[in-house]
Amino acid sequence: MPKLKIIGCSSGMPDANSANSSYLVAFKNKYYLLDCGEGTSSAMIRLGINYKKIDNVFITHGHPDHIMGLPVFIQMNHIARRITPLNIYLPSELVEPIENILNATYLIREKLSFEWHLHPIKPNPTFRDNNLAINAFPNKHLLSNAEAIESLRLPNKMQSYCFTVATSRAKMLYSGDLHSADDLEGLLDNCDLLLVEGMHIDLNDLLELVADVGVRKLVITHLPSDNIKQRRMIMSIARKLGINGIYFAGESREFTY
Ligand SMILES: [Zn+2]
């Protein structure tokens with residue numbers, strides 16, 4: 001059974017109890033990393049994760065709490081004498097800027113103990129090996145930047161994705177960050193595990209959608225760890241809607257699907 005392990009789950013506001021977004025999928029002795037926010041590497045050390053086994057990293061969008069752990073993750077692998085290549089799949093608008101950041105911070109491919117490669121995300125499939133397939137579906141999370149981008153004539157394309165991680169028997173959806181629960185419509189069929197952020201969307205809308213389509217396991221992430229009142233409110237709505245199998249993400253928590 002594939003296993004999801006929470007490495008980091010905090011949102012843009014750093015949290016004392018967790019790194020920023022970072023999730024590990026483990027299946028048949030292979031590791032896949034979804035997002036790599038700040039604090040990912042130290043959390044991996046704390047959790048005793050054999051990070052050299054991660055060959056493929058998938059980035060949902062360019063907000064710092066989802067991507068800014070990458071340089072330290074690469075540095076850590078170099079110092080630990082990693083040999084195998086590291087493949088990073090990310091929105092196409094980020095390929096050049098991240099290449100520039102890695103070169104500017106002297107993580108120059110030719111100088112390291114291993115090669116890193118940046119791949120622009122393509123749909124259908126975004127990635128496939130003999131273990132599982134990962135597919136990217138665009139969402140509207142970054143749309144509120146349109147006016148600023150236009151007035152400053154920035155090159156940003158507001159690319160942001162949800163990912164499905166599917167084996168031959170089970171499917172997980174990781175929402176990344178969203179604009180609204182509507183971004184999930186059409187993606188939840190046969191979903192064994194939904195890992196969804198609860199920071200930018202109306203939680204009532206989310207729970208109603210989940211009650212409607214029937215997800216087997218719901219893991220809500222990206223919430224402040226100290227807001228107990230909010231968690232009680234979510235549980236109470238879930239109970240009213242008859243949703244079972246609801247959990248909150250927290251560092252080191254594991255879920256099979
Ligand atoms: Zn975001």
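The values are calculated or read from the model by the stated rules, or taken from the named source; none is laboratory data. Keep in mind it's a predicted model, so treat the numbers as computed, not measured. Virtual Cβ from ideal backbone geometry, glycine too; neighbours counted across all protein chains shown. Side chains are part of the model used for accessible areas, which takes the heavy atoms of the whole protein and leaves out ligands, DNA and RNA. Shrake-Rupley method; radii C 1.70, N 1.55, O 1.52, S 1.80 Å.
Accessible area per residue (1.4 Å probe, heavy atoms of protein chains only) ranks Tyr89, Tyr106 as Tyr106, Tyr89, with the largest value leading.
Using equal-weight Cα scatterers in the Debye expression, the normalised intensity of segment 1-104 in log10 at q = 0.16, 0.17, 0.18, 0.19 Å⁻¹ is -0.65, -0.74, -0.84, -0.94.
How far, in nm, would the chain grow between Ala133 and Arg153 when pulled straight, counting 0.36 nm per residue and subtracting the alpha carbon separation?
Details: separation 20, 0.36 × 20 = 7.20 nm, distance 3.63 nm.
Answer, rounded to one decimal: 3.6 nm.
Computed extension length for Asp226-Lys3: 77.7 nm, one decimal, from 0.36 nm per residue of separation with the Cα-Cα distance subtracted. Counting protein heavy atoms only, the chain has 50 percent of its accessible area on carbon and sulfur, 1.4 angstrom probe.
At full extension, Arg109 and Met13 could sit 31.4 nm farther apart than now, given 0.36 nm per residue minus the alpha carbon distance. Over segment 1-43, the fraction of Cα-Cα pairs per 5 Å bin, rounded to whole percents and listed from the shortest bin up, is 6, 26, 29, 18, 11, 7, 2.
Identify the trypsin sites (Lys or Arg not before Pro) of segment 138-179 meeting these criteria: DSSP loop state and at most 16 other C-beta atoms within 10 Å of the C-beta.
Working: sites: Lys140, Arg153, Lys157, Arg169, Lys171; in loops: Lys140, Arg153, Lys157, Arg169.
Counting only loop positions with at most 16 other Cβ atoms within 10 Å, the trypsin sites (Lys or Arg not before Pro) in segment 138-179 are Lys140, Arg153, Lys157, Arg169.
Antiparallel beta bridges, as assigned by DSSP with both residues in the chain, represent about 50 percent of the total such bridges.
Spherically averaged projected area of the convex hull of Cα atoms, segment 98-147: 6.0 nm². Against the chain, whose longest principal axis comes from its Cα atoms, helix 70-79 is set at around 50 degrees. To the nearest 10, the accessible area of Ser113 is 50 Å² with a 1.4 Å probe.
When the Gaussian network model of the chain links Cα atoms closer than 10 Å, the mean-square fluctuations of Ile49, Ile59, Ile228 top out at Ile228. Counted over segment 12-70 with a bin width of 10 Å, the fraction of Cα pairs per bin, in whole percents, is 24, 56, 19, 1. Once backbone amide H atoms are built at 1.01 Å from N, Ser160 has Asn139 as its partners under 5 Å, excluding neighbours fewer than 5 places away on the same chain. The count of lysine pairs in the chain with alpha-carbon distances below 18 Å, taking only pairs 8 or more places apart or on different chains, stands at 25.
Here the sum of -39500 (n - 2.57) over DSSP H runs of 4 or more residues, divided by the residues of the chain, equals -7500 deg cm²/dmol at 222 nm, to the nearest 500. Accessible surface computed residue by residue for the chain, with neighbouring protein chains in place and a 1.4 Å probe, gives 48 Å² per residue. Where nothing but the Cβ of Lys and Arg (+1) and of Asp and Glu (-1) is charged, how large is the charge dipole of segment 3-256 around its Cα centre, in debye to the nearest 20? Roughly 1120 debye for segment 3-256.
The Cα trace of segment 110-238 gives Rg and Dmax of 17.3, 54 Å, the first to one decimal, the second as a whole number.
Give me the tail of P(r) for the chain as a percent: Cα-Cα pairs with distance above 24 Å.
Values: 15006 of 32896 pairs.
The calculated P(r) of the chain puts 46 percent of pairs beyond 24 Å.
The figure for Met199 is an accessible area of roughly 80 square angstrom, using a 1.4 Å probe on the protein chains alone. Solvent-accessible surface of protein heavy atoms, probed at 1.4 angstrom with all chains present, puts Asp55, Asp226 in the order Asp226, Asp55, largest first. In the context of the full protein assembly, Thr256 retains an accessible surface of approximately 60 Å², using a probe radius of 1.4 Å and ignoring ligands and nucleic acids.
In this simple spin-label approximation, Asn87 and Ser236 carry label points 7 Å from Cα along the Cα→Cβ vector, and these lie 4.8 nm apart.
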